[in-house]
1. If you scan segment A:616-664, which residues turn out to be charged (D, E, K, R) and either in a strand (DSSP E or B) or over 38 Å from the mean Cα position of the chain (by Cα) (or both)?
2. Take segment B:34-59 and flag every residue that is more than 16 Å from B:Ala4 (Cα to Cα), in contact with a strand residue (DSSP E or B) (Cβ under 8 Å, 6 or more places away or on another chain) and more than 9 Å from chain C (Cβ to nearest Cβ).
3. Considering only residues that are aliphatic (A, V, I, L, M) and within 24 Å of the chain's Cα centre (by Cα), which ones fall in segment A:357-410?
4. I'd like the full set of residues that are touching a residue at least 60 places away in the same chain (Cβ under 8 Å) and away from chain B (no Cβ under 14 Å), limited to segment C:124-164.
5. Within segment B:192-243, can you find the residues that are within 16 Å of B:Pro121 (Cα to Cα), of a type in the set (Gly, Ala, Ser) and touching a Ser or Thr at 6+ places or on another chain (Cβ under 7 Å)?
6. What number of residues in segment A:46-85 are within 14 Å of chain C (Cβ to nearest Cβ) and either under 33 Å from the mean Cα position of the chain (by Cα) or not β-branched (Val, Ile, Thr) (or both)?
7. Kindly establish whether A:Asp65 is surrounded by fewer than 24 Cβ atoms within 10 Å (Cβ to Cβ) and under 18 Å from A:Val130 (Cα atoms).
8. How many of the residues making up segment C:103-140 are in a loop (DSSP other than H, G, I, E, B) and either among the hydroxyl-bearing types (Ser, Thr, Tyr) or within 18 Å of C:Cys42 (Cα to Cα) (or both)?
Amino acid sequence: MKDEVQSPEERSATLKGMGCSRKRVEDVRFTQGRGNYVDDIKLDGMLTGDFVRSPYAHARVLSIDTEAALAVPGVLAVLTAKDLEPLGLHWMPTLAGDKQMVLADGKVLFQGQEVAYVVATDRYAAADGVAAVEVDYEDLPVVTDPFKAMDPDAPVLREDLAGQTEGAHGPRRHHNHIFTWEQGDKAATEAVLAEADVVAEEMVYYHRTHPMPLETCGCVASMDKVTGKLTLWGTFQAPHAVRTVASLISGIAEHNIRVISPDIGGGFGNKVGVYPGYVCSIVASIVTGKPVKWVESRMDNLMSTAFARDYWMQGKIAATKEGRITGLWCHTTADHGGFDACADPTKFPAGFMNICTGSYDIPVAYLAVDGVYTNKAPGGVAYRCSFRVTEAAYFIERMIEVLAIKLNMDAAELRRINFIRKEQFPYQSALGWEYDSGDYHTAWEKALNAVGYDGLRREQAERLEAFKRGETRKLIGIGLTHFTEIVGAGPVKNCDILGLGMFDSCEIRIHPTGSAIARLGTISQGQGHATTFAQIIASEIGIPADDITLEEGDTDTAPYGLGTYGSRSTPVAGAATAMAARKIRAKAQMIAAYLLEVHDDDVEFDVDRFVVKGAPERFKTMKEIAFASYNQAIPGVEPGLEAVSYYDPPNMTYPFGAYICVMEIDVDTGEHAVRSFYALDDCGTRINPMIIEGQVHGGATEGYAIAMGQEIAYDEMGNHKTATLMDFFVPTAWETPHYTTDFTVTPSPHHPIGAKGVGESPNVGSVPCFSNAVHDAFRPFGLVQSHMPHDHWRIWKIAEDLGLHV
Amino acid sequence: MIPAGFEYHRPADLASAVDILRAHGDEARVVAGGHSLIPMMKLRMADLRHLIDLQAIGALKGITIAEGTATLGAMTTQHELIENADLAAAIPLLREAALQIADPQVRYMGTVGGNVANGDPGNDMPGLMQCLDARFELYGAEGTRQVAARDFYEAAYFTARSDLEILTKILIPVPASGTGYAYAKQKRKIGDYATAAAAVLIGSDGASVAMTNLSDTPVWSEEAGTALASGDIEGCVAAMLAAIDPQEDMRGPIAFKKHVAAVILRRAIDSALSRRA
Amino acid sequence: MSKMHIKFRLNGQEVEGLAEPRMLLIHFLRENLKVTGPHIGCETSHCGACTVDMGGKSVKSCTVFACQADGAEITTIEGLTNPDGTLGVLQEMFREHHGLQCGFCTPGMITRAHRLLQENPTPTEEEVRFGISGNLCRCTGYQNIVKAILAAAEQLNSHKEAAE
């Protein structure tokens, strides 16, 4: 046999398993326009829904007149809160333990809020219907500033909560207050601050932005009145959780709901939440007996479905005069908008903000977060982020720079002397986490050497002198960042969403001829799961990745899982995949031993087969074993070859990275040019280097947008100022920097294959890196802190305030 | 983002187009490339019942250069303008500016006529045409007339064109050979309108300076041109700063825009001077 | 409004249908003709996901009425696959160089790149970046898209040389 002359390395290469840059199986469809996204779904008799939205940020809804709308040709129904109330669906629970209006119930709390839902034969008739609905509003005083929202005489936003002094996360101390969340040792931290050689204090604001996947949110709800079964296709990052939530709030038995996430055109956290469009579409399908599609417009998307960040982080960092950090204090005011719809694990109302000690060995720390209501859209989603890790990383990486200024130290050196050392892992952080593994110093030195750090500093100093001599108007900024992520939520003992433990799952079936299908509880939105998860299975059980079909997103067929966000797919579902594969391998071993007539312990796994120990010429390939499992009665072994694993991770994983950016800044116009961006990521074991690199490029580009111009902005009346792509900054290929990627590998000790996850690292790491570059350019002139986004006029303002325009 | 209903017309000649305009008054609008009008219709901010598509009217197409004048049919797209080598040689300022407008797809559809006729203060071509001292030919029931670009713009979206006229041609005097030129534009990204943009011509017999998106109309300043012609760059900048009236928007506050206007203008002047033969 | 009869060539075939004058070309393609390759990403002609090739131009079909396309010659991503069903060179290079992730921008991006390479068969990296600046991608950071287009240009040129 040809097979026998192949070396193990050759056989291994055929599998396209872990570590190889396998081309993506998804791409054959996508490159031909054969994807199947929600808006591609067409069903017989399908209707379209569209919303009447509030033009006011805060107003009483006095009346809604639907008569003219109902007279529009093609309009079949107009739903208002009054129609939903008898069903108990005019409000819905949020993921954060609050509740949210599905349709305006007496008042509106943000501009763009859903007021009425028009159902029509097509989107044109629906739009005409929306235009014909007449709503009478009485405007109310608007609060857009989270600090003013806490004034004693601030307008009451949530009248429905009147008198409620206890919220989902403890006491409420004001009518616009949601929760206070405290971590760490306040007294010890304040004592350290009081006695420290040096304390740097700064307000660090991470502004409001939006994930803006290229595909907006949408769904198709189809209630089959004959079978009583509801099928819901949608842009859901967590289809199983959506099914459970839909069952709980609608009263439809869970087995009668089938949720399907088809192809998703990017998610980035935008598609985790449950939105009024989904609820109204379900109700409309029940009422009309027909399938109902709702796909939001881009304006709807930017105005109403979610936002991210909006954290005002007041920080104090204490250190010895030599630069050894002795304590960290942070008080955050979190602007949650009109409803608390943040997508965080239940016990973490501020997500994993308590990873804000970052990569540093900080003996004591204290964190408090106050959540506040304002007249802005609800959301607070994890935009390419594991639950506020982005905010935490930005906070600590800015505070390090601020401290470096105070100490008059080089910021690279300050990081170096404060990193958690390799031998300290597993490391217990002052705010309660156990970092699994890391080697920060190695990564840091590799990064500094790769960019020629000392040379860059010399060049920067020369440029500064030339600037002072009037020979140039461009400064150089060198942005440094070393971030530590916390991903893979998470251990069921402390991570759940609405009571659903955050495990994940994989089921693998081997077919008689040796090919396979695997189904997972996650759902790809571009991450390439169909490619990478097959690679894990290929390496674990020796079936070529090309012979493995991968399915996700259909709750009728896939095992239950909590979905894809927070970089959790590889840490959790990837582990479940490896564990399910190992169950199969264990059974395969028994079958192989039986076929080879030796004891189970006398065979060992060798790439794609089990061989008799010491007699490599005697083996059974996985193909042979698969067939045997279906056609031979093996004593003591059930027929078939399949397994399922529900994986509850013992800990989170802690990917990290070192990023360095060099930026040229035009002092006169505020324009910038990114000269180079170096990204070193350590995500543990690398499954597909090509896909990892692609994730880094994409995440860093989202980070570039956020740092350099992207924001969700409101005026004082609560008018949304960035509702189209004219003003909401999404860079084109022209503005986007070129990236150099690099890596180190520090496997996770508790993950079955040592992988940590990477999708979000580049967003977490790049934002402080770009921002630090801007700050660094102006450091010689005394700049300490300036808020993002660093668009042209804000950079210009820095220079103006520093007197650099003469 | 769904427009209200309308009737569609695709006349084959100008007379028919004007007849339709006359028949429906202000309920009718002409559409060229549509990349200004159609987004407004989708937002239901442009209210019309009759849309007159000019694509079939041959008289609105073509680029000719003769007797010191370049004539651009109003339906000339930005892409066609960029690709026309003769025009690029005669008036390189046009190509330099057009390449900074919108993005490739929009330049394939967007027309010079639409860009100048719409009266949108964000558009680049109006200021450019004022700098070049172009004339616009208007066709209406009363026949044709010409209006100087420098007299055309009255306020945002208000121009000297009546609702019953169609802008048919843009006539641009070809600058003397050796004239220095530059179009400098600061914007947040590809596809954005200008934070500030400046068109500059410096010849042996004079200079012309115009700026874009810094007022509710394009700003051409005779005083600025005169100063520049005499070599007084600071006088030119000062005159222009006195003439602009920028508004705060997401691009930045007024003080920033004024500062940037001066910087961009100086850059355009430097560039134009370096190109002057 | 009464519907109009609209007819054009789509990917080499005559197609026709009835549509209100206000129907946008993207909706006519996707809803009436069930050609769902071009996508809707922004509706304000910024993102380019709806890009089709119309009369030799890259056009954002969310900003064209279907009636304006009457009589036109239109190519969508569906028309760029080889007649034998294999991937066209650009499609193959996007796959080879990981020039896509979620796939939502991909049809518009490849359709645009197709026209770019028709007009400029040997672009520089800068020309590619400028040439695709009417198409937004949220996943890839463009770097591998640029790489894919440059690789496709090279391959198309070597095919051409081989043929000569």
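1. A:Glu617, A:Arg618, A:Lys620, A:Lys623, A:Glu624, A:Glu638, A:Glu642, A:Glu664
2. Passing the criteria: B:Leu54, B:Ala59.
3. Those that are aliphatic (A, V, I, L, M) and within 24 Å of the chain's Cα centre (by Cα): A:Leu367, A:Ala368, A:Val369, A:Val372, A:Ala377, A:Val381, A:Ala382, A:Val389, A:Ala392, A:Ala393, A:Ile396, A:Met399.
4. C:Ala152, C:Gln155, C:Leu156, C:His159
5. If the condition is that a residue be within 16 Å of B:Pro121 (Cα to Cα), of a type in the set (Gly, Ala, Ser) and touching a Ser or Thr at 6+ places or on another chain (Cβ under 7 Å), then B:Ala194, B:Ala197, B:Ala243 are the ones that fit.
6. Total satisfying the criteria: 6.
7. Spelling it out, A:Asp65 is indeed surrounded by fewer than 24 Cβ atoms within 10 Å (Cβ to Cβ) and under 18 Å from A:Val130 (Cα atoms).
8. Counting residues in segment C:103-140 that are in a loop (DSSP other than H, G, I, E, B) and either among the hydroxyl-bearing types (Ser, Thr, Tyr) or within 18 Å of C:Cys42 (Cα to Cα) (or both) gives 14.
The values are calculated or read from the model by the stated rules, or taken from the named source; none is laboratory data. Please read all numbers here as calculations on a predicted model, not as lab measurements. Positions of Cβ are generated from backbone atoms using ideal geometry, with glycine treated the same way; all protein chains shown enter the neighbour counts.
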